[in-house]
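The structure appears below as structure tokens.
The values are calculated or read from the model by the stated rules, or taken from the named source; none is laboratory data. On a predicted model such as this, the values are computed, not experimentally measured, just so you know. Don't worry about glycine lacking a Cβ; one is built from the backbone with ideal geometry, like all the others, and counts go over all protein chains shown. Remember, those area values only see protein heavy atoms, side chains included, never the ligands or the DNA or RNA. Shrake-Rupley method; radii C 1.70, N 1.55, O 1.52, S 1.80 Å.
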Amino acid sequence: MKRSLAVACAAALLLTGCGTSQEGDKPAAAGPATIDYWLWDTAQQPQYQACADAFHKANPNYTVKITQYGWDDYWNTLTTGFVSGTAPDVFVSHLSQYPQFASQGQLLPITDQVKRDKVDLSIYQDGLADLWVTKDGQRYGLPKDFDTVAVIYNTEKLKEAGLKPAEMAELSWNPQDGGTYEKAIAHLTVDKNGKRGDEPGFDKKHVATYGLGLNGSGDAFGQTEWSEYAMGNGWNYADQNPWPTRFNYADPKFKETIKWFTSLIDKGYMPNLDIVSSGVGQIDAYGAGKYAMVTEGSWNTKTYWALKGVKSALAPTPIGPTGKRASVFNGLADNISANTDNPDAAWAWVKFLGSPACQEEIVAKQAIIFPAIKTATVKAEQAFADAGIDVKPFTTHVQNGTTHLAPIAEHWAEIKATMTETMESIFAFKSDVNALDQANATINGLFG
């Protein structure tokens, strides 16, 4: 990891020997190289190992070594790697993380390579490719997947409550009384005496099954916690996205959303942060019957379906006061370390990861995630269907235009820290939602 960025960019010109096919199906001309590749999702490791095997077959001089870390360890180890010079050649990146890495000169831009090799950016789901371009016009990634949010529910608990799947598909929500969505949550909640949340005598201090699970306070993002409600209430994270200059966490629409959402904890319909922080994650708690339903990201679908003794189904996020559903539209890409010793090999691998050869022919057929390439998404839907999972509650957001881009901003680490402290205080009922005023002022102060 000793080369300067200038040398790395110059060396990348050697890539012309790899051909201009986006599939990366021509053998590379450069000498043997091992590409260190990091990812955080153990469920996705096998499909990318399959891509690595196909890449090696097409490019015999290149071998990909994959290392997997858990989410928290991943970013800590990566940051340490940048400082110590032990960062990988290529790594899976997140929209909330890459702007800071790019601004610090830790990433190799691929703008020239994309142009030179005539990579067709129109094959990806609309808007995804634009997310990996910084304010100065430099590109740092090719979309590899996308995700949205939906409701996953325990079909047996739904049946016991006398609710029907058709009802779950048409739930609506509002911040005043929670609408039919809160009614369903209340009815699915059961205390240790068998009383439901909407029945007289319900004991909110001794709950056996919560109607809705909780994964945490959501810090500044709330992707699978509160974002779908806030955006369905007409709220946006900031004045523009990407690269906002003012955030909207003090917006009355956001405040009333969070006030309603935390009221579910007070009513006993949703667990408190102490329970959430007890060491048992949302997936395991759901699998143990502690939660009747959860709001989850599409990337975890197969994990829920693999739980033993639980049969699950999907429902779309509820219709909000805007008259529409809502979901964050997030997507990952692969970044190249600026100090990689193998810039030519790294680009060849990144290009392959963004190609139909990987996304359509391998990843889509695994039914783990939704690949970013439009035609691959269709194949993934079919693969999920073949596995007995109807994923329309996830993809309906893309089809109906109810997606909202994940926030891409400078100073995200500071924004997250401020909102984590504030949101945890609100969720613990140590502060009310007006604490968001000061948090928002602090965040906007970062932008001058």
_Between Glu421 and Val378, what is the label-point separation in nm under the 7 Å Cα-to-beta-carbon projection?_
5.1 nm
*Phi to ³J(HN,Hα) by Karplus 6.51 cos²θ - 1.76 cosθ + 1.60 over the range 91-96, Hz, x for Gly, Pro*: 8, 5, 10, 10, 4, 7
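For the chain, what % of the accessible area comes from carbon and sulfur atoms, probe 1.4 Å? Before the final figure, lay out each step's value.
Details: 9080 of 18070 Å².
Percent of accessible area from carbon and sulfur atoms in the chain: 50.
When the dipole is taken about the Cα centre of the range 385-442, and only Lys, Arg (+1) and Asp, Glu (-1) are charged at their Cβ, what size is it in debye, to the nearest 20?
Values: 3 positive and 8 negative charges, 23 e Å.
The calculation lands at about 100 debye.
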*asked:* Taking amide H atoms as placed 1.01 Å from N in the peptide plane, list the residues 5 or more away in sequence, or in a different chain, whose amide H sits under 5 Å from that of Asp145.
replied: Leu332, Ala372
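Would you mind calculating the gained length between Lys311 and Asn76 on full extension (0.36 nm times residue separation, minus the Cα-Cα distance), in nm to one decimal?
Values: separation 235, 0.36 × 235 = 84.60 nm, distance 3.59 nm.
The Lys311-Asn76 span can extend by a further 81.0 nm.
Compute the length gained on full extension between Thr63 and Thr86: take 0.36 nm times their separation in residues and subtract their Cα-Cα distance, giving the result in nm to one decimal.
Values: separation 23, 0.36 × 23 = 8.28 nm, distance 1.81 nm.
Between Thr63 and Thr86, full extension yields an extra 6.5 nm.
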*In Hz, Karplus ³J(HN,Hα) per residue of the range 307-322 (6.51, -1.76, 1.60; θ = phi - 60°; x = Gly, Pro)*: 5, 7, x, 10, 10, 10, 8, 10, 9, x, 4, x, 6, x, x, 6
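Using the Cα centre as the reference, give the magnitude of the dipole from point charges on the C-beta atoms of the chain (Lys, Arg: +1; Asp, Glu: -1; all else neutral), rounded to the nearest 20 debye.
Numbers: 38 positive and 50 negative charges, 86 e Å.
The dipole magnitude comes to about 420 debye.
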*Distance (nanometres) between label positions extended 7 Å along Cα→Cβ at Thr111 and Asp126*: 2.6 nm
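In what sequence, highest mean first, do 434-440, 81-87 appear when ranked by Cβ atoms within 10 angstrom?
Values: 434-440: 17.1, 81-87: 14.9.
For the peptides 434-440, 81-87, the packing ranking is 434-440, 81-87.
For the range 234-307, report the accessible area per residue in Å² (1.4 Å probe, heavy atoms, rounded to an integer). Present the calculation step by step, with values, prior to reporting the outcome.
Numbers: 2880 Å² over 74 residues.
Computed with neighbouring chains in place, this is 39 Å² per residue.
How charged is the neighbourhood of Val280? Take every other residue with its Cβ under 13 Å from the Cβ of Val280, and add Lys/Arg as +1 and Asp/Glu as -1. Don't skip to the end; give the middle numbers.
On the way: positive: Lys290; negative: Asp274, Asp284.
Overall, the nearby charge balance is -1.
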*What is the extension gain from Gln45 to Ser263, computed as 0.36 nm multiplied by their sequence separation minus the C-alpha to C-alpha distance, in nm to one decimal?*
74.6 nm
_Give me P(r) over the range 212-370, computed from all C-alpha to C-alpha distances, binned every 5 Å, as integer percentages._
1, 7, 13, 16, 15, 14, 13, 10, 6, 3, 1, 0
*Surface/4 of the Cα convex hull for the range 335-384, nm²*: 3.6 nm²
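How many percent of all Cα-Cα pairs in the range 232-318 sit more than 22 Å apart?
Details: 1762 of 3741 pairs.
Roughly 47 percent, rounded to a whole number.
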*With only Lys, Arg, Asp and Glu charged, each at its Cβ (+1 for the first two, -1 for the last two), find how big the charge dipole of the range 291-355 is about the Cα centre; round to the nearest 20 debye.*
520 debye
*Toward the positive end of the charge dipole of the chain, about the Cα centre and with charges on Cβ (Lys, Arg +1; Asp, Glu -1), which of Gly127, Ser263, Phe247 goes farthest?*
Gly127
_Within the range 358-373, backbone nitrogen closer than 19 Å to the virtual label 7 Å beyond the Cα of Lys392 toward Cβ_ = 370
